[in-house]
1. Collect the residues in segment 10-30 that are farther than 16 Å from Gly298 by Cβ and free of Cβ contacts under 8 Å to residues at least 24 places away in the same chain, keeping them in residue-number order.
2. Pick out the one residue from Leu176, Leu153, Leu200 that is touching a Leu at 6+ places or on another chain (Cβ under 7 Å), among the aliphatic types (A, V, I, L, M) and either touching a residue at least 24 places away in the same chain (Cβ under 8 Å) or at negative phi (or both).
3. Looking at (1) closer than 26 Å to Tyr230 by Cα; (2) at pLDDT below 95, find the lone condition where Thr271 falls short.
4. Return yes when His283 is open to solvent by less than 50 Å² (accessible area, probe 1.4 Å) and assigned to a helix (DSSP H, G or I) and no when it is not.
5. Looking only at segment 289-339, which residues are within 21 Å of His262 (Cβ to Cβ) and of a type in the set (D, E, K, R)?
6. Kindly indicate the residue of segment 192-208 that is of a type in the set (Phe, Trp, Tyr) and within 13 Å of ligand 2 (Cβ to nearest atom) and also least open to solvent (accessible area, probe 1.4 Å) among those meeting that condition.
7. Every residue in segment 249-287 that is within 28 Å of Leu176 (Cβ to Cβ) and aromatic (Phe, Trp, Tyr), please.
8. If a residue must be farther than 26 Å from Trp47 by Cα and either within 16 Å of ligand 1 (Cβ to nearest atom) or of a type in the set (Phe, Trp, Tyr) (or both), how many such residues does segment 173-199 contain?
Amino acid sequence: MDDLKYGVRDKRGDWKPNGRIEGAPLWNWPPRLPKILAWLPGYIWPWNAFHMATALIYWFYIVPGVETMKTISWGWALWLYAVNAATILVFYGIFELRYYIKRTQATRFKYNHKFPGDAPSDVFWFQSQNLDNFLRSFFITIPLWTVVEVVFLWCFANGYVPWVGWADHPVYLAALVLVAPAIHEVHFFFIHRLIHWGPLYRWIHSVHHNSINPSPWSSLSMHPVEGFLYHAVAFWHLVIPSNPIVALFQLHVAGFGAVNGHLGFDKLEVTDDKAVDSHAYAHYLHHKYFEVNYGGDGLIPLDRWFGTWHDGTREGEAMMDARFQKKKERMNAKAEANH
Ligand SMILES: [Zn+2]
Ligand SMILES: [Zn+2]
């Protein structure tokens, strides 16, 4: 595909999409139903449908029976860890293999023309972003994802929280499934904003930000505190009356869905004239500029409300620069006052 029909490439070779990142049209006033209806299929397909499919496969084929889950034991906890690790290896690995190792798409639709594998750096374990990100994902973050999973399944199995049945409340649960990505967005925005606070950033979140040019393995490359808080989004289903399948869906939106922001490509070519949107640009800009786009790509426009939205346009850039300038002035004034 000709990526210059969809964006521009600068002298360095970095590509950026035309137009601006459009958030969900749910927040436009007055609401326009045709626009919402046109947006809905892209909201469901393919990413959220995939997360629902994996949640169902887990529930029917992977997760042990309720009796087993009444008692926490290494057996089923390690089994879940093994499956989580294997599925992430395959799912993220497909993107890594196709777009970063084989490079079948070269740099078409790629925001940063460089590939992390070509740029050794001292900030990473073994000077390798890939190896560092990979080890952190599999030996820190995915175990913590599994801890969250084991705890909520154990709570449901023991009846410590309400277990809403599909036969009794199908409409309510379907609505909860539709809302789950929004719960993710709000949860992620606030924990993410919190760990961008100076001391917490240096202690926790700087690990994730070592990858300025993220690739699939960067998605779950986190400090343990972040790895736990990030997946703890599924605990909202212990607070809201819910069902373990919906909680699994919530967990998969986080664990599997993390890859979206870190794909590095705007579109993934499937055939010569067909491509899937990655929804990666907003979070790519976060990795590039740090203090913009704390949330996802605008399902709930929290960044717009808090004044930290960068929509990918020149105006977005100008707004960010003005904000950085103001911050600098405030800090200078503070330094003066302390003298
Ligand atoms: Zn990230
Ligand atoms: Zn961040």
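1. Listed by number, the residues that qualify are Asp10, Lys11, Asn18, Pro30.
2. Leu200
3. That leaves (1) as the condition not met.
4. The answer is yes for His283.
5. Glu291, Asp297, Asp303, Asp311
6. Tyr201
7. Residues satisfying the conditions are Phe249, Phe256.
8. 4
The values are calculated or read from the model by the stated rules, or taken from the named source; none is laboratory data. If you're wondering where the values come from, they're calculated on a predicted model, not measured in any experiment. Positions of Cβ are backbone-derived with ideal geometry, glycine not excepted, and every protein chain shown enters the neighbour counts. We work out accessible area using only protein heavy atoms, side chains counted, and drop any ligands, DNA or RNA first. Shrake-Rupley method; radii C 1.70, N 1.55, O 1.52, S 1.80 Å.
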